[in-house]
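Okay, structure first, notes after.
The values are calculated or read from the model by the stated rules, or taken from the named source; none is laboratory data. From a predicted model like this one, the values you see are computed outputs, not experimental measurements. Methodologically, a virtual Cβ is constructed for each residue, glycine included, from the backbone with ideal geometry; neighbour enumeration extends over all protein chains shown. Quick note on the areas: whole protein, heavy atoms, side chains included, nothing else; ligands and nucleic acids left out. Shrake-Rupley method; radii C 1.70, N 1.55, O 1.52, S 1.80 Å.
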Amino acid sequence: MVDLESEVPPLPPRYRFRDLLLGDQGWQNDDRVQVEFYMNENTFKERLKLFFIKNQRSSLRIRLFNFSLKLLSCLLYIIRVLLDDPTQGHGCKELNRGCSSQNYTPAKIDWSPIIWVNRSLPLWGLQVSVALISLFETMLLGYLSYKGNIWEQVLRIPFLLEIINAVPFIITIFWPALRNLFIPVFLNCWLAKHALENMINDLHRAIQRTQSAMFNQVLILISTLLCLIFTCICGIQHLERAGNKLTLFDSLYFCIVTFSTVGFGDVTPKIWPSKLLVVIMICVALVVLPIQFEQLAYLWMERQKSGGNYSRHRAQTEKHVVLCVSSLKIDLLMDFLNEFYAHPRLQDYYVVILCPTEMDAQVRRVLQIPMWSQRVIYLQGSVLKDQDLLRAKMDDAEACFILSSRCEVDRTAADHQTILRAWAVKDFAPKCPLYVQILKPENKFHIKFADHVVCEEEFKYAMLALNCICPATSTLITLLVHTSRGQEGQQSPEQWQKMYGRCSGNEVYHINLEDSTFFAEYEGKSFTYASFHAHKKFGVCLIGVRREDNKNILLNPGPRYIMSSTDVCFYINITKEENSAFKKQEQHRKNNESKSYYHGPSRLPLHSVIASMGTVAIDLQDTGCRSSSGPTLTLPSEGSKNGRRSSIAPVLEVADSSSLQACDLLSDQSEDETTPSDDDISTGLEYAKGYPPYSPYIGSSPTFCHLLHEKVPFCCLRLDKGCQHNYYEDAKAYGFKNKLIIVAAETAGNGLYNFIVPLRAYYRPKKELNPIVLLLDNPLDDLLRCGVTFAANMVVVDKESTMSAEEDYMADAKTIVNVQTLFRLFSSLSIITELTHPANMRFMQFRAKDCYSLALSKLEKKEREKGSNLAFMFRLPFAAGRVFSISMLDTLLYQSFVKDYMISITRLLLGLDTTPGSGFLCSMKITEDDLWIRTYARLYQKLCSSTGDIPIGIYRTESQKLTTSESQISISVEEWEDTKDTKEQINNRNNHRNSTSSDQSDHPLLRRKSMQWARRLSRKVPKHSGKTAEKISQQRMSLYKRSERQELAELVKNRMKHLGLSTAGYDEMNDHQNTLSYILINPSPDTRLELNDVVYLIRPDPLAYVPNTASSRKNSFCNTVGQDAREETQL
């Protein structure tokens, strides 16, 4: 046994592990065979083929050598022609003696000058050498490319031309007598053209250049034209050796004159062979050149459709951004270009549009305008293809904007396409900043890597929600994110349009505190002190700051925040500080002229700032909002006691806790927390503050909200159906204390989360929480059951199923008609609508015969002709915040390229994000008891000194008397008879708006069908029966009104009675159509407050500090949100 083991040889180390796995097999018996691959490429022929044909670089060298060889042969031919003298004897005297003595006669042609030429021995040697090399190369390439059909190789035109030009030279080696035989070497130009085409193809393969069709076609056309001309020149010159004995220059002159169809006739061929050659060359040119031009034109048209390439040199020397869209519409393009180029530092940027569809006709016409044709480049291609991204030079771009197609039926599919585009750009150009627009909030987490993301549904539902508690928030945000110079409406005779247009030019800007003239002096002071005094002195509104070591922006951090020199300040103003020039009033001028010259409404305040915007100088302290009483603060006569004026305390430089009436919204009014009301006990609703336990989608911002202690069963959420827990079947039966907010949507998507959260935020008192009713379908019966007659707001969300209409602007048709129906049935209902296209806002609450609406339409057209980006702003529904288009927020994404903080500030204002220490947007209403404050500056001081709130604007409602609705006619009897022009009608309308109600009775409104009857009646009735005529007019008016307004009212009431609902709420509804509302963003300090003004506030975070006493809570200024009572709005 020991002997057997000793006979076994030890295993080598490299085989032992393998043997353990595969078994006991001796390594000596290993029968493995080494296999060599690609042995067919080791043959001599394959190696030659690899060098001459397959290898790109070596093949390119061979093509270049062949091309040079053909050009050399053509050059040698020209040298031979220049050295040859046709008047001397010709080369072969042995074969044709005395041929030089023969002269040309028209009847007989001397062929010897055509057949024989003079060729010197060195020149012959060079031509023979070139011919040998060319023939050898041609034979070698033919052998290497041989595929079994020899005739296919022999009958090729390049091979035949090579034989014609090379074989005769080789024959002259063995037969010296033929050394001066004419050989058409000039035909090598066609071989040079063929070699050039092959060389360009190999060049493109070597450098991986794919977009070369246009270059190739132009090269082929030019080379074909040169070859035709060169062949004609050499052929005419040689044939005319037996005729006119033309030189090369004469032949060139003749060919140019002939091919250009000029034909002077001073140089003409004399013998028939040359004439025949001219005919042949013209026929060839007429056949070949049109084909080349046709191919070139086709490629040019295709290039125009696809857009070609963005130059690499331009990409490295100039800055450009790329706009990626699935389909480019004219509205989207103009919004982007107007907003992008509105910033001065972006004027030198190029915009490259990458779109997979063909350019629209309207877009093509716009891009042909010189203002855009030099800066906008359209490329047709897909973002998912690296070739198209390379054409757009995405890796050199300053930014890439990726926009979603909101007109798609399946918005989720549109988001998926956007996500893939963002991934493709990030993979191709990782360093390129991405600005992405997404539709659905649940798809946001796929593009978290993007630098800036705007989710449409998040912003849409948040603005709809805030419109219910802070009126016209959508208009406020839209105006803030649009670039404007505040020039809109300045030529209008309406005062509200001038104020509204001037204040719409306010935008959000930023500046470092230490570099600022506005805020540098407030270093070490509180935020509210800096905000108030900066507004008082310069007219700017400081709304937020950002620490140097913190990326989070804090809106109104409160009076306890101390300004630091490294802080970044965010403020609202007409223009940024860098574009402003400051003028300081001299002391003696203020002392002398203020007494004599500056009196009345034009008197300037103590400190003025001039904002220079181009050639326009605007006094920020004077926005035309002053009244005739002047800017002096005078108290009402009944309240002119000394104690009333001292109620506005000064704003402290450093916060004093004893002077702050802090809002402890965590406790939410002590009486509500400790002793719940009887209604709360009866309804069994108990609220707690906390974060929502479930998030509807990944990436939603957690918000501190009012929550129920116990989850409500799903069956109890159905308002129109009873369940085992309650038997209520309509909203009236629930007995809600606050008015309802009804949301009419197509589906209950995840975006509704952003609608509910702002309405249930922790800083809203429990007493002000409105019940929310989701209406997935809106027939009349469901509207009545859900309590539309006593609802505070009706929110109508644009239907996604209608967004894919054949005509783009018809996508809003269903929503507009539904809202118009609600407007007619429930005239006092506050309806808030979101549309797809901003242009369709003119159809909201449409009145066909309202002269005032027609005047606004003309004003909009004038503003659009002036180049305004906000031409639609004067439409009454938009100005009042009853309608907006989410496409207006596309400018928010565009502005982020220059102002990277705009998305963060907008999200904080809308409540989409909550940052610890950052304030929130709310509102308060000015009542009669608050008018003693008089001006916006005093209100600013009162807010900063009491609660630390920062006002940013005013929502003002004015009475619009005698504005007609659909149920009224805007033509009186006098207007019908006089037929005044349009301008006079507008003036009458303005006079009507300023008239009293007693004036309206003198001009009764009549139906068009009864105009003539009323005129005849007024003529026939005697003067003493005027009262009778007035009575008849009133009766007819009441009958007319009944035929329309009351008919609709009876329809609704009958339906409510049929459903068993009480009509009391509907009877109390009044018509509030004769009012107009608008927004004043950051008005001047001396703007006078008016009754029912709603002031937008940025209130400090109530979690930032805790109040000292419970009494401060009770008298807190935070009770003023949306309340009219005096005890809830104490200033």
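With a requirement of 3 or more residues that are modelled with pLDDT of 85 or more and under 28 Å from Arg411 (Cβ atoms), the helices (runs of 4 or more DSSP H) lying completely within the stretch 672-771 that satisfy it span 753-759. Quick check: is even one residue across the stretch 826-839 of a type in the set (A, V, I, L, M), touching a residue at least 60 places away in the same chain (Cβ under 8 Å), farther than 28 Å from Gln487 by Cβ and in contact with a helix residue (DSSP H, G or I) (Cβ under 8 Å, 6 or more places away or on another chain)? Yes, there is a match, as at least one residue in the stretch 826-839 is of a type in the set (A, V, I, L, M), touching a residue at least 60 places away in the same chain (Cβ under 8 Å), farther than 28 Å from Gln487 by Cβ and in contact with a helix residue (DSSP H, G or I) (Cβ under 8 Å, 6 or more places away or on another chain).
Each row is one residue, and each column tells you yes or no for (1) open to solvent by less than 10 Å² (accessible area, probe 1.4 Å); (2) over 26 Å from Val898 (Cβ atoms); (3) modelled with pLDDT of 90 or more; (4) assigned to a helix (DSSP H, G or I).
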site	(1), (2), (3), (4)
Pro471	no, yes, yes, no
Thr475	yes, no, yes, yes
Gly486	yes, no, no, no
Gly489	yes, no, no, no
Tyr509	no, no, yes, no
Thr528	yes, yes, yes, yes
Phe532	no, yes, yes, yes
Ile543	yes, no, yes, no
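Among residues that are buried (at least 20 other Cβ atoms within 10 Å of the Cβ), at negative phi, within 34 Å of the chain's Cα centre (by Cα) and of a type in the set (Gly, Ala, Ser), Gly911 is not included.
In the set Leu822, Leu829, which member is closer than 27 Å to Ser887 by Cα, assigned to a loop (DSSP other than H, G, I, E, B) and among the aliphatic types (A, V, I, L, M)? Walk me through it before giving the result.
Details: Leu822 fails: assigned to a loop (DSSP other than H, G, I, E, B).
Just one listed residue meets the conditions, Leu829.
Evaluating Leu480 against the criteria (1) within 20 Å of the chain's Cα centre (by Cα); (2) closer than 27 Å to Met394 by Cα; (3) among the hydrophobic types (A, V, I, L, M, F, W, C) leaves one unmet condition, (2). If only residues of the stretch 718-751 that are of a type in the set (A, V, I, L, M) and within 16 Å of Ile469 (Cα to Cα) are counted, the one that is surrounded by the fewest Cβ atoms within 10 Å (Cβ to Cβ) is Leu740.
Would you check if Glu521 is outside any helix (DSSP H, G or I), out of contact with any Lys or Arg (no Cβ under 7 Å at 6 or more places or on another chain) and more than 30 Å from Ala879 (Cβ to Cβ)? Against the criterion (outside any helix (DSSP H, G or I), out of contact with any Lys or Arg (no Cβ under 7 Å at 6 or more places or on another chain) and more than 30 Å from Ala879 (Cβ to Cβ)), Glu521 does not qualify.
In the set Glu548, Glu577, only one residue is at pLDDT below 90, in contact with a strand residue (DSSP E or B) (Cβ under 8 Å, 6 or more places away or on another chain) and open to solvent by 30 Å² or more (accessible area, probe 1.4 Å); that residue is Glu548.
Residues that are modelled with pLDDT of 80 or more, among the small types (Gly, Ala, Ser) and surrounded by 14 or more Cβ atoms within 10 Å (Cβ to Cβ) occur in the stretch 1070-1082; there is at least one. When the stretch 248-269 is filtered for residues that are open to solvent by 60 Å² or more (accessible area, probe 1.4 Å) and modelled with pLDDT of 85 or more, the ones remaining, listed by number, are Phe249, Leu252, Tyr253, Ile256.
Kindly state which helices (runs of 4 or more DSSP H) lie completely within the stretch 841-902 and contain at least 3 residues that are without any contact (Cβ under 8 Å) to a residue 24 or more places away in the chain.
Correct list: 851-865.
Scan the stretch 421-442 and tell me whether some residue there is of a type in the set (S, T, N, Q), farther than 25 Å from Lys551 by Cβ and in contact with a strand residue (DSSP E or B) (Cβ under 7 Å, 6 or more places away or on another chain). There is no residue in the stretch 421-442 that is of a type in the set (S, T, N, Q), farther than 25 Å from Lys551 by Cβ and in contact with a strand residue (DSSP E or B) (Cβ under 7 Å, 6 or more places away or on another chain). Being more than 23 Å from Ser59 (Cβ to Cβ), out of contact with any Cys (no Cβ under 9 Å at 6 or more places or on another chain), at pLDDT 80 or above and β-branched (Val, Ile, Thr) is a property that Thr224 has. As a summary of the residue check, Gly524 satisfies the conditions (1) modelled with pLDDT of 90 or more; (2) open to solvent by less than 10 Å² (accessible area, probe 1.4 Å); (3) at positive phi except for the one numbered (2). Where helices (runs of 4 or more DSSP H) sit wholly within the stretch 105-173, those with at least 1 residues that are within 22 Å of Cys234 (Cβ to Cβ), in contact (Cβ under 8 Å) with a residue 12 or more places away in the chain and small (Gly, Ala, Ser) occupy 112-115, 121-144.
Restricting Ile164, Ile114, Ile109 to residues that are modelled with pLDDT of 85 or more and among the β-branched types (Val, Ile, Thr) narrows the list to Ile164.
For Gln292, the criteria (1) closer than 30 Å to Cys227 by Cβ; (2) surrounded by fewer than 16 Cβ atoms within 10 Å (Cβ to Cβ) hold in every case but one, which is (2).
Each residue in the stretch 318-375 was checked for being closer than 19 Å to Cys400 by Cα, among the charged types (D, E, K, R) and not in a helix (DSSP H, G or I), and 5 of them qualify.
Conditions tested, residue by residue: (1) modelled with pLDDT of 90 or more; (2) in contact with a His (Cβ under 8 Å, 6 or more places away or on another chain); (3) farther than 30 Å from Thr528 by Cβ.
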position	(1), (2), (3)
Gln895	no, no, no
Arg907	yes, no, no
Leu939	yes, no, no
Tyr955	yes, no, no
Thr964	no, no, yes
Ile971	no, no, yes
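Considering Asp388, Asp360, Asp415, the condition of being open to solvent by 10 Å² or more (accessible area, probe 1.4 Å), of a type outside the set (Gly, Ala, Ser) and either touching a strand residue (DSSP E or B) at 6+ places or on another chain (Cβ under 7 Å) or at pLDDT 90 or above (or both) is satisfied by Asp388 alone.
Looking across the stretch 843-870, the residues that are in contact with a Ser or Thr (Cβ under 7 Å, 6 or more places away or on another chain) and either at pLDDT 80 or above or not charged (D, E, K, R) (or both) come down to Met844, Cys851, Tyr852, Leu859, Asn869, Leu870. List every residue pair whose Cβ atoms lie under 8 Å apart, where the two residues are 6 or more positions apart in sequence or sit on different chains, the first residue falls within the stretch 701-729 and is under 30 Å from Gly911 (Cα atoms), and the second residue, located anywhere, is of a type in the set (Gly, Ala, Ser) and loosely packed, with under 14 Cβ neighbours inside 10 Å. Qualifying pairs under 8 Å: Pro702/Ser695; Phe704/Gly690; Cys705/Gly690; His706/Ala688; Leu707/Ala688; Leu707/Gly690; Leu708/Ala688; His709/Ala688.
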